Each structure stands twice: as structure tokens, then as C-alpha cells.
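Some notes on the structure that comes next.
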Amino acid sequence: MADYDIDDPEREIECPYDKAHMVRKKRMQYHLIKCRRNHVTKDFVTCPFNATHEMPRPELRHHMLTCRDRAVAEKTIRHGESLYYNY
């Protein structure tokens, strides 16, 4: 079994900018671009592990510690480093 779950791209998730917006997971990146333009006064930041994770700036540190995609990113980085050092 994989180390992480593969989410259904058709599943609807809530927009971080407007809780009334329910968007299919596969369309979230496109939606965020549009919604970000309409909510310029909100001080939101993007997760470094997943571009579809956006949250208020004060929540970023906690999110980075608990993000499910962190393990995948760290595993990829470690794998890349091991390829670099093992010619």
C-alpha cells in the first residue's frame, strides 16, 4: 500500500478564500487563481508542499508541520539526494 492516499480528483473541496465555493479537487488550482484576484485584501500564503493548500499567514507554520504532502516532498528530496551522491 502507498505511503499516502490518492484523492479522488472529482471530490469537492472547500475554497480557502470563500467557504461558499465548493470546487472539484482537479479544478482547485484554476479556481484559486481566480479567487485570489477577488480577495486581494486577505493575507494568504501557499503551502510549499502543495500549491492547492492556501491559508492565512499565521496558520502556515502549523500547516507545514501537519501537511500530508510534506512526507511525499521529503521522500522525493531524499531520493534525489541519494541519486546525486551514489554515482
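The values are calculated or read from the model by the stated rules, or taken from the named source; none is laboratory data. What you see is a predicted model, and the numbers here were worked out from it, not measured in a lab. Note that each Cβ is placed from the backbone with ideal geometry, even for glycine, and that neighbours are counted across all protein chains shown.
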Quiz prompt | Top-ranked residue in the stretch 56-78 [being hydrophobic (A, V, I, L, M, F, W, C) and either crowded, with 16+ Cβ neighbours inside 10 Å or touching a Gly at 6+ places or on another chain (Cβ under 6 Å) (or both); ranked as modelled with the lowest pLDDT] | solution = 67
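Would you say residue 46 is modelled with pLDDT of 95 or more, hydroxyl-bearing (Ser, Thr, Tyr) and surrounded by 12 or more Cβ atoms within 10 Å (Cβ to Cβ)? Let's see the steps before the verdict.
Numbers: modelled with pLDDT of 95 or more: yes; hydroxyl-bearing (Ser, Thr, Tyr): yes; surrounded by 12 or more Cβ atoms within 10 Å (Cβ to Cβ): yes.
Against the criterion (modelled with pLDDT of 95 or more, hydroxyl-bearing (Ser, Thr, Tyr) and surrounded by 12 or more Cβ atoms within 10 Å (Cβ to Cβ)), residue 46 qualifies.
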Self-check item: Residue match in the stretch 6-22 (condition: outside any strand (DSSP E or B), modelled with pLDDT under 95 and among the small types (Gly, Ala, Ser))
Solution: no
Quiz item: If you check every pair at least six apart or on different chains, which have Cβ atoms under 8 Å apart with a residue in the stretch 55-68 that is under 17 Å from residue 42 (Cα atoms) first and a residue that is not hydrophobic (A, V, I, L, M, F, W, C) second?
Solution: 55/16; 55/63; 56/42; 56/43; 57/43
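Of a type in the set (S, T, N, Q), farther than 23 Å from residue 74 by Cα and not in a helix (DSSP H, G or I): is that true of residue 52 in this structure? Steps first, answer last, please.
On the way: of a type in the set (S, T, N, Q): yes; farther than 23 Å from residue 74 by Cα: no; not in a helix (DSSP H, G or I): yes.
Judged against the criteria, residue 52 is not a match.
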